[in-house]
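J.: Here you go, one structure.
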């Protein structure tokens, strides 16, 4: 499968590249279901099944036969067979370390503009904190020693699907202040705890589960698929956040099959009661005119794609929180809701005590080593929406995935053009409205 154009972790400056070589000669194979019949067929073709899932009919197979995929596709009991694909991204240039901030200080409202932007303080005052809801962070490593994450992180349920690495491991840059753990940043946006200091999450009493599918800027789709299945089957997850993605042509060899397989996985998760929330992506593309291209997992299954907004010049009093970010993807066919994700389009280079003033238009959250960083992207918008969805789910624990998806939209504030807007979908998320739902 030749995936020409792709998108990485949905933080600005990140790029994904799909390799055209298989990881350890691994293949993703699907059938209507998976059982002994499929196992015997794989064995006859010289393959070794390393993972299989009966309900989705998906399996991972290792084989040294270069013709394995073609042979499997020629067998009528298999629907799809293709080489596992690698994912890589470049380190973002828009991550700014918050070294000047004393983590013992209560500075959530001083610098976390995205919280008042969605009326989070009113929701908390009304008792809506996300307690009892479990949110899976399918991403890179999570710093389980961060003081803002410790109270809410379910370490026992957290897992890694990256061979050789635990869920709380990732790459550490040897240069001080340059390490950025994307998964840790995302987790803090959803559910950093109210511990008297540091930052606050949108749902500060939610339970976080780290589900590692990426490491040091790379991963494989088999890791992502297994992570989603784990969230649906074993971790008792209500919501998964996937601030990652790729886009490719459906007409390319294998493209349609890959899109269909992801739809199958995401719809399975939905049937198991898991709402999937994904970043819409950062290429400023109108997906209403994408034609042959598909954006995954944003367009996969019954999930939610989130676009990004931000003020320009917040440090100077600009509170246009629902302004579409300069980079966000958009389109009525893609975007379900919008949420604060930050921007870096402010033209000046003034310094505002803690950081360059333009950096304060980005989203501040947790980072490796108990530190904090600003970053921008639909990667940051998606976990804001996931936090708001958690507030709704906490009040309605038996709510179905479809009802939760609609409630997230129905409680959003109508922004942009009236009605279903190409930048905001069905609206700009609002925590207080969600609390009152």
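J.: Using only the Cα atoms of the range 333-384, construct the convex hull and provide its projected area averaged over every direction, in square nanometres to one decimal.
T.: 4.6 nm²
J.: Would you mind computing Rg(Cα) / (2.2 N^0.38 Å) for the range 294-437, counting N as its residues?
T.: 1.08
J.: Given a cut-off of under 8 Å on Cα pairs at least six residues apart, what relative contact order in percent is computed for the range 172-277?
T.: The value is 19 percent.
J.: Pairs of Cα atoms under 8 Å, at least six residues apart: use those to get the relative contact order of the chain, whole percent.
T.: 19 percent
J.: When the chain is modelled as a GNM with alpha-carbon springs shorter than 10 Å, which of 96, 285, 277 fluctuates the most?
T.: Evaluated over the chain, the most mobile residue of the options is 285.
J.: Which order do the peptides 348-354, 192-198 come out in when sorted by mean C-beta neighbours inside 10 angstrom, highest first?
T.: Descending packing order for the listed peptides: 192-198, 348-354.
J.: What share of Cα pairs, in percent, lie more than 17 angstrom apart in the range 23-84?
T.: Everything past 17 Å amounts to 23 percent.
J.: Tell me the mean residue ellipticity at 222 nm calculated for the chain from its helices only (DSSP H runs of n ≥ 4, each -39500 (n - 2.57), averaged over every residue, nearest 500).
T.: Estimated from H runs of four or more residues: -7000 deg cm²/dmol.
J.: Over the Cα atoms of the range 281-334, what Rg and Dmax result, in angstrom?
T.: 13.4, 42
J.: Another question about this same structure. Work out the FRET efficiency for residue 403 and residue 55 from their Cβ-Cβ distance, taking R0 = 22 Å, and round it to the nearest 0.05.
T.: After rounding, the FRET efficiency stands at 0.45.
J.: I've got another one for you. Please express the shape of the range 273-368 as an equivalent ellipsoid: the semi-axes are the square roots of 5 times the eigenvalues of the C-alpha gyration tensor, given largest first in whole angstrom.
T.: 29, 15, 11
J.: Looking only at 59, 381, 339, which one moves most when the chain is put into a Gaussian network model with springs between Cα atoms under 10 Å?
T.: Highest fluctuation of the listed residues: 59.
J.: Name the most mobile residue of 245, 217, 402, meaning the one with the largest mean-square fluctuation, in a Gaussian network model of the chain with Cα contacts below 10 Å.
T.: 402
J.: Can you give the translational diffusion coefficient of the chain in µm²/s, computed by Stokes-Einstein from the Kirkwood radius over Cα pairs at 10 °C and 1.306 mPa s?
T.: Numbers: Rh = 21.4 Å.
For the chosen part, D equals 74 µm²/s.
J.: If you average the C-alpha positions of the range 318-336 and of the range 217-260 separately, how far apart do those two centres end up, in angstrom?
T.: Here the answer is 24 Å between Cα centres.
Taken together, the values in this text are just the output of simple stated rules run on the coordinates, not laboratory data. Bear in mind the structure is a predicted one, so any value in this text is a computation, not a measurement. Backbone-built Cβ (ideal geometry, glycine too); neighbour counts: all protein chains shown.
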